[in-house]
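What follows draws every value from the coordinates through simple rules; no lab data is involved. Just so it is clear, the structure is predicted and the values come from calculations on it, not from any experiment. Every residue, glycine among them, receives a Cβ derived from its backbone with ideal geometry; neighbour counts consider all protein chains shown.
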Amino acid sequence: MSTRIVGRTPRSSALSAARRARELDALADAGEIDVLVVGGGITGVGIALDAASRGLSTVLVERHDLAHGTSRFSSKLVHGGLRYLASGQIRIAHESAAERHLLLTRTAPHLTRALAQVVPLYDPGAVAQGAYIGLGYELGDGLRRAVRTPGAVLPSPGAIGRAATLRLAPAVRGEGLRGGVRGWDGQLIDDARLVVAVARTAAGYGASILTRVEAVSVTGSGARLRDLVTGSTLGVQARAVVNATGVWAGDLDPDVRLRPSRGTHLVVSTERLAGSDASLTVPVPGSSSRFVFTLPAVHGRTYIGLTDVPVDGPVPDVAHASDAEVDELLGVVNTVLESPLTHADVLATYAGLRPLLAGDADDDTSDLSRRHAILESGAGVLSVVGGKLTTYRRMAEDAVDAVIRRDPAFPSRPSPTRRLPLVGAWPRPRLGEIDATPRLVRRYGAEATYVAGLPDGPWAAQGVTAQELEWGVRVEGALGVDDLLDRRTRLGLVPADRGASTDAATAAFARAGVDPLGVDPLGA
């Protein structure tokens, strides 16, 4: 890997309340801008980075906070496309593997890692099941080789014995265990941190990233915006308006037709799974292609997912798990555990909504394509729909290409984002050189030393330092306590952690000299 992978930007990438206020004031007098992006999830911030790095004047508005919606509720996998390969979606599978390669090796090596996926095999049928699953992993490894991801970054899969299976996944049932299959995929340290890193990188290339700003109405040539902090409104003219609001795209543009599905995860203590740092991968009984995964996460937590449930009716700002989904996930994972999990072990749940392109009315949402599309409404608004987190960069590139094709006055420049490392990026083999604790390096990369250099103060739950909280205010654009707890640190997932951390988060705002917002004006 090249040692030149360093996440630096031409301008300051720091997001703050003061910068937000300055850029809102400047926007009121800006005249026409090139691109207005509506939506601060991974798709929106990716588009803002792509547009700004091509030299286009770019403004992004988000009515809540960065990663407020679907982008913080994923499985945190940087998925290589195996599932799509199995269903015949070869182009999407290859695209996923290629984008995973870029995240792991160039754009975000500090925020990603290789994750072992262990499938335990039991009698009867262990040999046949192992051969079938092993073949699938080998096909996925073919994608890895095709996009030239080094084996040192993402190892090859293979069969493992009984002892190795128990070592990697010590919570599994020993009786009848014959061995296992170990595959590999990429994992994000945290999906919300990726969104913030992309947003900050976009700001470093000149984009204005404006949270708590609602697009009240949009056309193909501008929008009416409302600052939800002050209540003031302003109009903005833009040569292109891009709707990147995900499952809410139809609210902004009635021409968009989506069929959302809900993916639910459980949150349990990693200790309850004997401290495993691998993903226990459990086949869903009666299915040859569906699995439930355990996913080791931050703060000593492990996530268990994933469901695929159609969502009918109005789309909520925050989705919630159903009792049936909790029972389903527990039921599947318990088929392989020595000590089954109970509802008492579930510390919290979270659910995200996938912005799937609508198919036939009787299609199962698990069968709908994860492809993305760029749709133009009668009013001239471009909506980016479908897709998934791993391929956000390609989605953004395609969206800005569409913007440029529509207006011959735009300079025809290719996207540079394939080569742009995100803020904090550092070569994976050299991450150990950074003078900070491994925990901070995993979350901040090359910026960990600056985080650690801030003054000390009250710590939050699960070892989250005062410096991390203050960095979230000074550099990562947190405007309220919820921003710090729910998206900059993820402590808000577990109610007990939130309660133990609120005072420390409030103190971080005081040290930064910023008055935190109260409750989100539009609700949690």
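Points worth noting:
- In the chain, helical runs assigned H by DSSP with n ≥ 4 each contribute -39500 (n - 2.57); averaged across all residues and rounded to the nearest 500, the mean residue ellipticity at 222 nm is -9000 deg cm²/dmol.
- Using the Cβ-Cβ distance between Arg22 and Glu338 with R0 set to 51 Å, the FRET efficiency works out to roughly 0.35.
- Between the C-alpha center of region 64-142 and that of region 243-270 there is a gap of 21 Å.
- Across all directions, the average flat footprint of the convex hull enclosing the Cα atoms of region 429-512 is 5.1 nm².
- Length released on extending from Arg145 to Ser289, taking residue separation times 0.36 nm less the Cα-Cα span: 49.6 nm
- Nearest-0.05 FRET efficiency for Ala510 and Arg162, computed from C-beta distance (R0 56 Å): 0.55
- Net length gained if the chain between Leu431 and Ala14 were fully extended (0.36 nm per residue, minus Cα distance): 147.9 nm
- Pairwise alpha-carbon distances in region 261-354 exceed 24 Å for 18% of all pairs.
- Cα-projected label distance for Arg419 with Ser217, points at 7 Å along beta-carbon direction, nm: 4.4 nm
- Fully extending the segment from Ala126 to Val6, taken as 0.36 nm per residue of separation minus the present Cα-Cα distance, adds 38.6 nm.
- Between region 3-40 and region 385-449, the Cα center-to-center distance that results, in Å: 16 Å
- For Tyr132, Tyr205, order by how many other beta-carbon atoms lie within 10 Å, fewest first: Tyr132, Tyr205
- Packing rank of 169-177, 337-345, 12-20, 302-310, where each peptide gets the mean count of other beta carbons within 10 Å, highest leading: 302-310, 12-20, 169-177, 337-345
- Convex hull volume of the Cα atoms of region 1-151, normalised per residue: 164 Å³.
- Inter-probe distance in nm under a simple model that places probes 7 Å from Cα toward Cβ, at Thr449 and Ala373: 5.0 nm
- Alpha-carbon gyration tensor eigenvalues x 5, square-rooted, for the chain, Å: 36, 26, 23
- Summarising the strand pairing of the chain, around 75 percent of its internal DSSP beta bridges are antiparallel.
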